[in-house]
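Only one structure is covered here, and it is reproduced in the block below.
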Amino acid sequence: DPEPGTLKLLHKTSAGVRRDIEAIAFNTAIAKLIELNNHLATAISKSGSGGGGGMSRGVAEPFVLMLAPFAPHLAEELWARLGHRQSLAYHAFPVADMALAADEVIEIPVQVMGKVRGRVSVPAGATIAEVEAAALAEPKVAEMLAGKAIKKVIVVPGKMVNIVAG
């Protein structure tokens, strides 16, 4: 069984690659596959299983299926080496489990007067009030706001916080 971090990244990559292919954003889809590949290579080298195996089929097969649109000949070869007799063209693109792909903690940039002055990490389901409180408590932001009256705090949930001060 893959470790939880690997499983999370696999599902996140699957969702991201599918979204990027649909948006015809092939460069970013390939970048996501490279990120997953680097993670897997690091995990295998840390486990000490050098050249033989080290990656579960539950990770290898979806990875090869995601690779297929970009490197079809290589993907077919890998698919055959995984023991499949039928071409991978007859298999569906992996479907991500969004519960596994979702981030538990997200990082949100905080702008003061339109310039990013800091970042805060908040739970993914944080309310607007919680995000605002975290942004105002961020040390760099507090330093920028020292002696200024806050006119408006704009929170775009999950994206950013902008503080207008005068």
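General observations
- Counting only residues at least eight positions apart within a chain, or on another chain, the aspartates and glutamates with an alpha carbon under 13 Å from that of LYS46 are GLU3.
- Compared with the direct C-alpha span, the chain from HIS39 to GLU143 gains 33.7 nm at full extension, assuming 0.36 nm per residue.
- Computed over the chain with a Gaussian network model linking Cα atoms closer than 10 Å, the most mobile of ALA137, ALA99, ALA60 is ALA137.
- Proximal lysines to LYS148, defined as alpha-carbon separation beneath 29 angstrom and excluding residues fewer than eight positions away on the same chain: LYS115, LYS140, LYS159
- Order of ASP103, ASP1, ASP20 - criterion: other Cβ atoms within 10 Å of each residue's Cβ, fewest first: ASP1, ASP103, ASP20
- In the chain, helical runs assigned H by DSSP with n ≥ 4 each contribute -39500 (n - 2.57); averaged across all residues and rounded to the nearest 500, the mean residue ellipticity at 222 nm is -15500 deg cm²/dmol.
- ³J(HN,Hα) computed for each position of the range 113-130 - Karplus, 6.51 cos²θ - 1.76 cosθ + 1.60, integer Hz, glycine/proline x: 6, x, 10, 5, 10, x, 9, 10, 9, 9, x, 4, x, 5, 6, 4, 5, 5
- Residues whose amide H falls under 5 Å from that of ARG117, counting only those 5 or more places apart or on a different chain, are VAL110, GLN111, VAL112, with hydrogens built in the peptide plane.
- In sequence order, calculated HN-Hα J values of the range 10-17 (Karplus, 6.51, -1.76, 1.60; Hz; x Gly/Pro): 4, 5, 5, 5, 4, 5, x, 5
- Residue-wise HN-Hα couplings along the range 97-102, as the Karplus relation 6.51 cos²θ - 1.76 cosθ + 1.60 with θ = phi - 60° gives them from phi, are 8, 5, 5, 7, 7, 5 Hz; Gly and Pro carry x.
- Contact order relative to length of the chain, as percent, for alpha carbon pairs under 8 angstrom and 6 or more apart: 19
- By the count of neighbouring beta-carbon atoms within 10 Å, fewest first, LEU10, LEU145, LEU33 end up ordered LEU145, LEU33, LEU10.
- The chymotrypsin sites (Phe, Trp or Tyr not before Pro) of the range 68-145 meeting both criteria, a DSSP state outside H, G, I, E and B (loop) and at most 14 other C-beta atoms within 10 angstrom of the site's C-beta, are PHE70.
No value in this document is a laboratory result; all are computed from the given coordinates. Please read all numbers here as calculations on a predicted model, not as lab measurements. For neighbour counting, all protein chains shown are included, and Cβ atoms are generated from backbone atoms with ideal geometry for every residue, glycine included.
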